[in-house]
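The values are calculated or read from the model by the stated rules, or taken from the named source; none is laboratory data. Worth saying up front: this structure is predicted, and the values here are computed from it rather than measured. So basically every Cβ, Gly included, is an ideal-geometry build from the backbone, and we count neighbours across all protein chains shown.
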Amino acid sequence: MQCRDAQFYLRLRRPTGDELGADVTADLDRHLAGCPICAPEARVADSFDRSVATAMRSVPVPASLRDKLLAQASTHQGTVIRGKIYRVAALAASLLVFAGIGFGVFTASRPKIDPDQWAMDTDEDVQNPDAALSKWLTKQKLPAQLPLPFNTDLLMMKGTDNIQGVDVPVVVFRHPTEFGFAKVYIFRADGSVNLTKLRDTNASHTAVTVIESPQHRGVKYVILHTFHPVHDGENPLKPFLRPPGERASL
Ligand SMILES: [Zn+2]
């Protein structure tokens, strides 16, 4: 599934419904699990849905409305009609909540986005990506440099990915010419995650490279990258690195 399709389905998906069908849902989940761009969007959509759901549970149907509806239902004595009326009451309550309290709960708990600050940060990312990356790594309390000279002109995003319940800092680089990426996950070796099983692995199109170095103590770099044909003995990460001799603009 492509990002465009994932974003489309993400907007349709509801936590309780299966309108999308099992196939699409499975496809979408697979994409979200591996996509650093769509995954955060899915989390935001999820938290919105949860806020609304919580608000809906905590708001009672107004007593007078319920009494009126129940009175009507009892005069008809029909379970079918009664069911229908309950549904109407539920809908009325949910509309009430959705329009007012549900949205209020969500907006109150949401951080405000400052577009000026955002534009300034993005500007820095573009003008001096090496410095911006260092600054970001430092802010995460991680070593200021990555263990390999990644070409920051290929930097797509930096953020966190939730891996088995733990938020892990990740920096994503795109391939310069083909469809491909290198995701550099930075695990803190503070015992919060069991890293003993992490080692280099290869599949036909993707590979995992694990880097530990004395210069980068306290962290373990796990690079998940697409695998492109390279000359014998050449580093498969080479397409993502700055060519030797080209200086980083720090
Ligand atoms: Zn995506």
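A compact table of results
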| read-out | value |
| --- | --- |
| Residue within the stretch 125-145 that is assigned to a helix (DSSP H, G or I), touching a Phe, Trp or Tyr at 6+ places or on another chain (Cβ under 9 Å) and among the aliphatic types (A, V, I, L, M) present | yes |
| Candidate set from the stretch 19-41 (those that are near the ligand (Cβ under 10 Å from one of its atoms) and not in a helix (DSSP H, G or I)); member that is surrounded by the most Cβ atoms within 10 Å (Cβ to Cβ) | C35 |
| Checking L12 against (1) at pLDDT below 75; (2) in contact with a helix residue (DSSP H, G or I) (Cβ under 6 Å, 6 or more places away or on another chain); (3) of a type in the set (A, V, I, L, M, F, W, C), the condition it does not meet | (2) |
| Matching residues in the stretch 208-250 - criterion: being under 29 Å from the mean Cα position of the chain (by Cα), in a helix (DSSP H, G or I) and modelled with pLDDT under 85 | H216 |
